[in-house]
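The structure under discussion appears below in the form of structure tokens.
Computed from the coordinates by the stated procedures, all read-outs in this text should not be read as laboratory data. Keep in mind it's a predicted model, so treat the numbers as computed, not measured. Please note: Cβ atoms are built from the backbone with ideal geometry, for glycine as well, and neighbour counts cover all protein chains shown.
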Ligand code: CA2
């Protein structure tokens, strides 16, 4: 396979609050830090990243559809939509790009409503509970799949 030129990074609802609220759960890094980390990690292999964060499900779905035209894979932390959204899952399945699912916190150790992910079985990579650093590992694993 040719080296991919671009990845899509999608962060879902409320992740714009990273570093501002609940640092005991999500750490002190901001969304800008997450986006810079993923961009730097992908740049190690000459790959660009387009970053999207939205609090609106339809905006996320449109971004995923647009990614089909010029992105080789998707790194996504769907936030709370992980546990509720069939439509987000359908969008990811529909574009048929390799997906890496990231969660900052260890959702398996939190409330039972966080234990199910609608995205898990359409994702090829899962990095859960490794803090913001998990985005870098997810990026590398996704690029390994695409190489
Ligand atoms: O651990 C994760 O990355 C989550 O995807 C984060 C979601 C949560 O609903 C999932 O169960 C697990 C919440 C994102 C909200 O992020 C905030 C960050 C700072 C302050 C408040 C919310």
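At the listed q of 0.21 Å⁻¹, the Debye profile of region 6-72, built from one uniform point per Cα, gives log10 I(q)/I(0) equal to -0.90.
Considering region 42-147 at the alpha-carbon level, its Rg and Dmax are found to be 13.2, 40 Å. Helical content alone sets the calculated 222 nm signal of the chain at -11500 deg cm²/dmol, taking -39,500 (n - 2.57) per DSSP H segment of four or more residues and averaging over every residue.
Determine, from the Cβ-Cβ distance of residue 30 and residue 147 and an R0 of 35 Å, the FRET efficiency 1/(1 + (r/R0)^6), rounded to the nearest 0.05.
Details: r = 30 Å, r/R0 = 0.86.
Efficiency, from the Cβ-Cβ distance: 0.70.
Between region 55-119 and region 128-147, the alpha-carbon centres lie 15 Å apart.
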